[in-house]
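Every number here is computed from the coordinates shown, using simple stated rules; none is lab data. It should be emphasised that the depicted structure is a prediction, and the values quoted were computed from it without experimental measurement. So basically every Cβ, Gly included, is an ideal-geometry build from the backbone, and we count neighbours across all protein chains shown.
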Amino acid sequence: MLKIYFNLLRIPQWIKNFFVFVPLVFSQNLFEQNYVMLSLLGFLIFSFASSSIYIINDLIDINEDKVHPVKKFRPIPAGLISKSKAVASATILAVISFSLLPFTNVYFGITVFSYFAITVLYSAGLKNIVILDVFTIAAGFILRILGGAFIINVEISSWLMLTTMFISLFLAVMKRRSELKHVTSEDNAATRKVLVDYSTEFIDQMSTVTSAGVIICYALYTVSQRTVTIFKTEQLIYTTPFVVFGIFRYMYLVYIGKKGENTSELLLSDLSMIINVLLYILTVVVIIYR
């Protein structure tokens, strides 16, 4: 039963909520206890909220998921948990998430409510509107970054926000491409309606634009005057190769390895990606906090 609820809440997907910690690291407060505790609180709030939304999404998509080659094994479409228990679980998680908001500030609270509203609207219908669907997914990542900044009351670089926007769009586009490859054209409408409006060629063009946007914006962030002034060094540019490798490796896994539909699973299962992320974090910390 514990495993069923573990899958229902999609705990591995909580890795996406680590975006909350980005402002903590780049504001040079990683070793300040109060800031760390606030960021951890923000992470938990987003995690409970996102799990609640995952359950809501599974309830809405139950018929489509039953014919999906992978999603049909999820607890709700597989019949491992009843709809009533799923609704109760989603409600409890949402209540826990919102009950923790008084320990934060009003701006963070607005961000969480916005995240909840946008993602529910995504599940309810925005996911079926071509292009708008990937922008809605990207909005979820951007709100995590904003939430991470609001909860510790720090400013965030415009270039870093642009980088977040492009990497969020990139991950969303790669997810769509993987979904296109995992199901046949006849199954597209049954598993995800919006796939009918996409083509491999169109998504490939989108992935080129978004991946280039990530690399260019991040590179410009590392050499911007604001960044150099705050960190008192130009060495952050040496972290760019890790970002480039991460983008190329992700594209390789989607295009060649036929993965990418589950972002969290991909990031947690590929050794090269894990090592690259760890080396990137270590290099950033050394440069910023040396």
*asked:* Can you give me the distance in nm between label points at TYR107 and PHE18, each placed 7 Å from the Cα along the Cα-to-Cβ direction?
replied: 2.6 nm
*Mind giving me the FRET efficiency for ASN153 and ILE11? R0 is 22 Å, r the Cβ-Cβ distance, nearest 0.05 is fine.*
0.15
*Using the membrane-span-like helix rule (whole DSSP H runs, Cα extent along the own axis of at least 30 Å, mean Kyte-Doolittle hydropathy at least -0.5), which helices of the chain qualify?*
33-60, 158-182, 200-223
_Can you tell me what percent of all Cα-Cα pairs in segment 71-141 are more than 16 Å apart?_
63 percent
_If you average the alpha carbon positions of segment 216-290 and of segment 1-80, how far apart do those two centres end up, in angstrom?_
22 Å
*How large is the dipole of the chain about the Cα centre if only Lys and Arg carry +1 and Asp and Glu carry -1, each at its Cβ, rounded to the nearest 20 debye?*
440 debye
*For segment 19-81, which chymotrypsin sites (Phe, Trp or Tyr not before Pro) are both in a DSSP coil and crowded by at most 14 other Cβ atoms within 10 Å?*
PHE31
*asked:* If the reach is capped at under 26 angstrom between alpha carbons, list the lysines near LYS66, excluding any in the same chain fewer than eight residues apart.
replied: LYS3, LYS16, LYS83, LYS85, LYS127, LYS175, LYS181, LYS193, LYS258, LYS259
_When only alpha-carbon atoms are used, what values of Rg and Dmax, in angstrom, describe the chain?_
19.2, 57
*asked:* Can you order the peptides 157-169, 227-239 by their average number of other Cβ atoms within 10 Å per residue, highest first?
replied: 157-169, 227-239
*Find which of ILE156, LEU220, GLN28 sits farthest along the positive direction of the dipole of the chain, computed with +1 on the beta-carbon of Lys and Arg, -1 on that of Asp and Glu, about the Cα centre.*
GLN28
*Once the piece of chain linking LEU2 and LYS85 is laid out straight, how much longer is it, given 0.36 nm per residue of separation minus the C-alpha distance between them?*
28.5 nm
*Please state, rounded to one decimal and in Å, the Kirkwood hydrodynamic radius that segment 157-290 gives when every pair of distinct Cα atoms enters the mean of 1/r.*
16.0 Å
_Cα-Cα pairs of segment 1-156 separated by more than 22 Å (percent)_ = 43 percent
*asked:* Given R₀ = 30 Å, what would the calculated FRET efficiency be for ILE274 paired with GLN235, taking r from the Cβ atoms and rounding to 0.05?
replied: 0.80
*Using mean Cβ contacts within 10 Å as the protection proxy, how do 264-270, 171-177 order, highest first?*
171-177, 264-270
*Would you mind classifying segment 232-290 by shape? Square roots of the alpha carbon gyration tensor eigenvalues, ordered a ≥ b ≥ c; an a/c under 1.5 is rounded, otherwise it is prolate if a/b is larger than b/c and oblate if not.*
prolate
